[in-house]
1. Looking at F281, F251, which is the one that is under 20 Å from the mean Cα position of the chain (by Cα) and away from ligand 1 (no atom under 16 Å from the Cβ)?
2. Note down all Cβ pairs under 8 Å where the first residue falls in the stretch 250-267 and is in contact (Cβ under 8 Å) with a residue 60 or more places away in the chain, the second is of a type in the set (G, A, S), and they're at least six residues apart or on different chains.
3. Give the residue, chosen from D80, D67, that is in contact (Cβ under 8 Å) with a residue 40 or more places away in the chain, more than 27 Å from T361 (Cβ to Cβ), charged (D, E, K, R) and within 16 Å of ligand 2 (Cβ to nearest atom).
4. Anything in the stretch 317-365 that is under 13 Å from the mean Cα position of the chain (by Cα) and open to solvent by 20 Å² or more (accessible area, probe 1.4 Å)? List them, or say none.
5. Those residues that are farther than 17 Å from M93 by Cα, within 16 Å of ligand 1 (Cβ to nearest atom) and of a type in the set (S, T, N, Q), I need them from the stretch 8-23; list them, please.
6. Mind checking which residues of the stretch 196-234 are in contact with an Asp or Glu (Cβ under 8 Å, 6 or more places away or on another chain) and free of Cβ contacts under 8 Å to residues at least 24 places away in the same chain?
7. Out of (1) part of a helix (DSSP H, G or I); (2) open to solvent by less than 30 Å² (accessible area, probe 1.4 Å), the odd one out for L439 is which?
8. Answer yes or no as to whether I380 is among the β-branched types (V, I, T) and over 20 Å from the mean Cα position of the chain (by Cα).
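The values are calculated or read from the model by the stated rules, or taken from the named source; none is laboratory data. Nothing here was measured: the structure is a model prediction, and the numbers come from that model. Every residue, glycine among them, receives a Cβ derived from its backbone with ideal geometry; neighbour counts consider all protein chains shown. We work out accessible area using only protein heavy atoms, side chains counted, and drop any ligands, DNA or RNA first. Shrake-Rupley method; radii C 1.70, N 1.55, O 1.52, S 1.80 Å.
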Amino acid sequence: MKLSWFKKGTIYQIYPRSFNDSNNDGIGDLRGIIEKLDYLEHLNIDILWLSPIFSSPNDDNGYDISDYCSIMPEFGTMDDFDELLRETHKRGMRLILDLVANHCSDEHMWFEEAKKSKDNPYRDYFHWRKPSADGGPPNNWKSFFGGSAWEYDSASGEYYLHLFTKKQPDLNWKNPKVRKEIFDAMRFWLDKGVDGFRMDVIPLISKREGYPNAPDVGFRKIIEDVYANGPNLHEYLREMNDKVISQYDAFSLAEGVGIDHNNAGLYIDYDRKELDMLYHFDILECTIVNGKFEEASPFDLINMKNIFKKWRDAVHQKGWLANAMGNHDFARMVSRFGNDKEYWAASSKMLLIMQATQNGTLNIYQGDEIGMTNIVLESIDEVKDVQSLNFYNENIENEKYSKQLALEMINREGRDNARTPMQWNDEINGGFSMHDPWLKANPNYDKINVELQQNDPNSILNFYRNLLKIRKQYDAFVFGDFEELEYNNPSLYVYKKVFGGEQIMVLLNFSNITNTCTIQEEINTAIVLINNYDTLTADQKSINLEPYQGVVLKLKNKA
Ligand code: TEU
Ligand code: CA
């Protein structure tokens, strides 16, 4: 198996804008990250993933890059970056960057040139189409962030494609020059020593021939069938791996938008030599039916078990996954899947136990290690995310929702929930910055912050630290074969994992009440490796699990 250093590792995603502000201008920055490297090392993190740090007009907070080989001035300088990389490596951690290669910014030189004329050498870096017969957009494709995916350019009388905002024109990967530009940019960072890339919306880079209309099915299905998994995609990924990634001691982590368990193998099977791992959307979106801010379904544990199982079966022994329950695009993990009120600490810890005992690389998001929760934004002026703002404007204009309801929906599902400043202590703005931050801090920083939890042996933070360490000592956590118990139980998630002779048992209670789990195992010889409560009540045949209790037992080795 190639590069197993990343398999047992834990990836910690940093959203630099919201992590730590070293110069008090309200925006997190690279020196702010350097200041916290000891914190991350102490937390037992192995790999840092930085959301985009490249020059960008920030229409989508850096996911609209205007220069792939420079640092966003608000974040610092190239010297700061070099120091950050050096200091990360010095502590035995690795660093990966966020490669946004499906689109760039409309302020990138390539697009500014392309707009100048139809015969400009950069024109073919993008997707241009004539208007349809009625003068409207060339097809019915919708942007991920609302409205048509086509923007009219009056100078040339043509439309360009943007699957995200109109300031994020899609790059034309069919053009070999575009591929070369991206590969060169990747080499620029790899030559500096970065350890790989998280690849933003990488399944979208190859477009359907002739740009056919999308059928009238839900948006998720449209993503799968029309936007993602295009005809030349795998050829591009192989080329990227062959020419770039495989030439370095580096790995790729794909954002698996539009990938399901049936076609995942095409991306990550070892023998395909395309991507090293992906995180899929089935868990992240298990309460989202078609798209954000549309119909939502209640959390259903059996459904979640099914999702884990079908993915596990699909990739077992053939490829590798990353496990994430949250990131900068979703509301906070504990607010969505746990109970952020009376069982806030227990459920935060239990969710970590679940992720950390699924096969794959563990991928955690900044702030989840202290149980950061969703925020209530009081008015639309406090909302900063372009996805939420577009949703609001579109639906107020067409009178689909009242202002109040639209804001409630944003507060429930919007991306700003995950982007509020990291809560370091109980000082102003949670110690993130002395200046008003770009997005307001969650007022609960007086109760939820790093400093408080560092000093509390029972805190979520210390639980993470301990669990991340133990996870590395038992291969069954990361590589074990699964045997499920209580499969049809809607409140308990219970499984045994076996690797070599080593056996562990994981018991999780996804509910506000105590539940009893009947087990056949001889548990009187078991050792408690992890427990998010101080006590565990059990007899020969059963275990009582308190609300959101999570336990990992080490069973006697198999002969
Ligand atoms: O996200 C891609 C993506 O599919 C998101 O639109 C996601 O589905 C959505 O936020 C959930 O409602 C990536 C980045 O992670 C995101 O931050 C960027 O805005 C997007 O690509 C465009 O680069
Ligand atoms: Ca700053």
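1. From the options F281, F251, the qualifying one is F251.
2. Every condition considered, the pairs that remain are A250/G196; F251/G196; L253/G196; L253/A322; Y267/A254; Y267/G256; Y267/G319.
3. Details: D67 fails: within 16 Å of ligand 2 (Cβ to nearest atom).
Going through D80, D67 in turn, the sole match is D80.
4. Of all residues in the stretch 317-365, those under 13 Å from the mean Cα position of the chain (by Cα) come to 321-333, 361-365.
Residue satisfying the conditions is D329 alone.
5. S18
6. P215, V217 - these are the residues of the stretch 196-234 that are in contact with an Asp or Glu (Cβ under 8 Å, 6 or more places away or on another chain) and free of Cβ contacts under 8 Å to residues at least 24 places away in the same chain.
7. (1)
8. Details: among the β-branched types (V, I, T): yes; over 20 Å from the mean Cα position of the chain (by Cα): yes.
So I380 passes the test.
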